[in-house]
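Here the structure comes first, spelled out in C-alpha cells, and everything after it is commentary.
The values are calculated or read from the model by the stated rules, or taken from the named source; none is laboratory data. This structure is a prediction, so every number in the text was calculated from the model and none was measured. Ideal geometry is used to build each Cβ from the backbone, glycine not excepted, and the neighbour counts take in all protein chains shown.
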Amino acid sequence: MHRVEPSAPLLDVAALRTEFPILHRTVHGGKPLVYLDNAATTQKPNVVIDTIADFYRNHNANAHRAGHVLGSEVTTMFESARRRVAESIGASAEEIVFTRGTTESLNLLAATMSGRFERGHRRNIVISEMEHHANIVPWQMVRDRTGAEIRVIPVDDHGLLDMQVAEQIIDDSTAIVSIVHVSNTLGTANDVHRLSAMAHGVGAEFIVDAAQSISGMNIDVNEIGCDALVFSAHKVYGPMGIGVAFIRGRLMESLPPYQGGGSMITSVTFDKTTYAEGPLRFEAGTPNIEGAIGLAAALSWRDSLDMSSVIAHKHALTLSLTSGLASREGIRLHGTHQGHSGIVSFSVDGVHSQDLGLMLDAHGVAVRTGHHCTMPLTARFSTSGSVRVSAAVYTSTDEVDFFFSALDRALTVLR
Amino acid sequence: MQSTKTISELTDEIGAMLEALPDWEERFGAIMAMGKELAPYPEEFRREDFIVKGCQSQVWLYPQLADGRIHFSADSDALIVKGLVALVVRIMQDRTPQEILAAPKDIAERLGLVQHLSQNRSSGLASMLKQIRLYAVAFSMRTSS
C-alpha cells in the first residue's frame with residue numbers, strides 16, 4: 001500500500017466532477033445520481049469520450065494493414081497508445097498486449113502458460129482466497145486439462161492474506177503465483193513486493209491482477225518485480241472492452257500464440273505459418289483500436305492528477321465510510337484493511353443485501369450487492385452476500401453523507 | 001384463491017396501483033407488504049429442486065395441481081423479492097395450466113416494473129414468470145394425457 005501523505009495538496013473534487021458529464025444526470029424522476037459502484041466500472045471524463053468520437057469522426061481505418069493515409073495515421077495512434085500504456089506502468093511497449101480486459105488477459109496467460117504443467121517438476125499454481133473468479137476459473141481450466149494443482153492462500157478475519165501459509169505453500173514445485181493487488185470485495189491491498197520475492201525465491205513466475213489498483217495508485221512493474229500484470233481500461237476511467245496484459249519480455253518469448261488469425265503472423269502457407277514476434281503475436285484479428293487510444297487518454301488523464309492527492313482524498317472517503325458504518329448498530333464490516341482503496345463491503349444483521357441495494361437505488365444511490373464475483377470469499381463473511389460501496393477520485397464527501405442518510409432511511413423501512 | 005379477474009386484468013390493476021405510488025420507496029413498501037401476506041411456505045419443499053434459478057436471493061416456488069388448477073407456494077429470503085414472488089403468485093394462483101400458458105408475455109412490463117426490476121436480472125422476476133410457465137407446460141401435458 002502507498003503511504004498517505006498528510007501534506008498532499010487537496011484535490012479539487014468539484015472541478016474534477018465537471019469533467020464527467022454523467023455525474024450530472026438524475027435518476028428515478030429527478031433524484032441526483034450518487035454513483036458508488038466504481039469498483040464495477042468508473043465513469044468516463046470528457047477527454048476519453050471526445051478521443052473516441054474523434055477517432056470515428058476523423059481517422060477510422062484498420063491498423064497494421066493499409067498503406068493509405070488513414071491507415072498509417074491509425075497505426076501510429078494505436079502504437080503510440082501502446083507506448084503511453086507502457087510508460088504509465090514503467091514497462092516497454094513491446095511488453096504490452098492489448099486484450100478485451102482483465103478477464104481475457106488472465107485467460108491468455110493461463111492458456112499460454114499451461115505448457116509448464118505438461119513437462120518438468122513444477123506442478124502447482126498458487127492463488128488466494130480473495131481472488132476474483134477471473135483469477136480462479138482460468139487456472140481451474142488449466143488444472144482440468146493438465147492435472148496441475150491449485151493452492152490457495154487463505155484470508156483471515158481482518159481480510160488479510162495469511163502470509164505464513166503463503167511461505168509454506170509457495171515452494172520448489174510452484175510454477176505460477178497469481179495474486180490480486182487490491183481486493184475488489186474487501187479493499188485490502190496485498191503486499192505484492194513480498195509475494196513477488198516469495199515467488200521468485202523458488203523460481204516461480206509472478207502475476208499481478210491490478211484491476212482495482214490501477215486507478216488509485218502508481219503502478220511500476222519493475223518496482224513490483226512481477227512477470228505479468230493485468231488490468232481493464234474501464235476501471236481506470238477508460239472505455240469498456242479493452243484491457244492490458246503486461247508480459248515481461250523473456251516470459252513473452254517463451255509463450256506460444258493464443259488465438260490464430262490476421263495480424264499475429266508474418267507468413268502463412270497451407271503447410272506452415274510463421275508467427276509474429278512481440279505483442280502482435282497475441283493480438284489476432286482487428287484490435288479494439290478506439291479502445292486502445294481511449295485507454296491511453298484515460299491513463300494520461302489519471303497521470304495528470306497528483307497521485308498523493310488522489311490517495312489522500314480516497315483515504316479520507318474510505319475512513320468516513322468505515323467509521324460511519326462501524327458506528328451503526330448491527331452492521332458488520334467485511335475486513336478491516338480498506339486503506340485508501342475506496343472499497344468497503346458490509347452486511348447488516350437480519351437484512352438481505354439485495355433489499356438494501358434496491359432501497360438505496362430507490363434514493364438514487366448506486367451500490368453493488370451480492371457476491372461480487374468472489375463467491376468463495378463472500379461466503380466466508382456472509383451468507384446473503386454483501387453490500388459494496390466503492391468510491392472514485394470524483395466521489396465527494398457530500399455523496400458519502402447522502403449515502404448514509406439513504407442507508408438510515410432504508411434500514412428503518414427494512415428492519 | 002383464484003381471483004375472479006383474468007390474469008390480464010389483475011396484472012393491469014396491480015400495475016396501476018404501483019404506478020400511482022409517488023416513488024420507489026413507497027412501491028417497495030407496497031411490494032413488501034404483499035410478501036408479508038404470503039401463506040407460510042411448507043418446510044418439506046424448501047429444497048434445491050424448488051429454487052428458482054437466476055435470482056440473486058433464494059426464491060422457492062412449489063406448484064401443486066388440484067382439480068385441474070395450479071396452486072403455488074412461494075418464499076424468499078429477501079423481503080422485496082418475497083413481495084415480488086407474492087405478487088406474481090397472486091396473479092397466477094389457482095389458474096388452469098391453459099390459462100397460464102395463454103397469459104400475456106409482457107406481464108413484467110405491464111406491472112410497470114420494467115425500468116427498475118425486470119431488466120435487473122438479480123431481481124429474478126423474469127425467472128419466476130418463466131418458471132411458472134414451465135410448470136404450466138408440465139402440468140398441461142399431464143392433464144391432457
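Which residues, taken from region A:18-48, are in a helix (DSSP H, G or I) and surrounded by fewer than 18 Cβ atoms within 10 Å (Cβ to Cβ)?
A:PRO21, A:ILE22, A:HIS24, A:ASN46, A:VAL47
Considering every residue within region A:282-304, establish whether at least one is touching a Pro at 6+ places or on another chain (Cβ under 6 Å), surrounded by 22 or more Cβ atoms within 10 Å (Cβ to Cβ) and within 30 Å of A:ILE247 (Cα to Cα).
Just the residues of region A:282-304 that are touching a Pro at 6+ places or on another chain (Cβ under 6 Å), to begin with: A:291, A:294, A:301.
Imposing the further condition that a residue be surrounded by 22 or more Cβ atoms within 10 Å (Cβ to Cβ) reduces the set to A:291, A:294.
Right, trim to within 30 Å of A:ILE247 (Cα to Cα) and you get A:291, A:294.
Checked against the condition, which is being touching a Pro at 6+ places or on another chain (Cβ under 6 Å), surrounded by 22 or more Cβ atoms within 10 Å (Cβ to Cβ) and within 30 Å of A:ILE247 (Cα to Cα), region A:282-304 yields at least one hit.
Residues A:ALA63, A:ALA53, A:ALA93: which one is crowded, with 17+ Cβ neighbours inside 10 Å and assigned by TED's automatic domain parsing to the domain that holds A:PRO279?
A:ALA63
Just checking, how many residues over region A:328-360 are within 25 Å of A:MET307 (Cβ to Cβ) and surrounded by fewer than 24 Cβ atoms within 10 Å (Cβ to Cβ)?
3
Quick check on my filter: what residues within region A:62-81 are at positive phi and among the aliphatic types (A, V, I, L, M)?
Hits for region A:62-81: nothing passes.
Suppose the filter is basic (Lys, Arg) and under 26 Å from A:LEU255 (Cα atoms); does A:ARG3 pass it?
So A:ARG3 fails the test.
Taking region A:388-415 as the region of interest, how many residues are crowded, with 19+ Cβ neighbours inside 10 Å, of a type in the set (Val, Ile, Thr) and within 14 Å of chain B (Cβ to nearest Cβ)?
Within region A:388-415, residues that are crowded, with 19+ Cβ neighbours inside 10 Å, of a type in the set (Val, Ile, Thr) and within 14 Å of chain B (Cβ to nearest Cβ) number 0.
In region A:335-387, what residues are within 13 Å of chain B (Cβ to nearest Cβ) and of a type in the set (Lys, Arg)? So that I can check it myself, show each step before the final result.
Step one: list which residues in region A:335-387 are within 13 Å of chain B (Cβ to nearest Cβ), which gives A:347-348, A:350-373, A:375, A:378, A:382-387.
Across region A:335-387, the qualifying residue is only A:ARG368.
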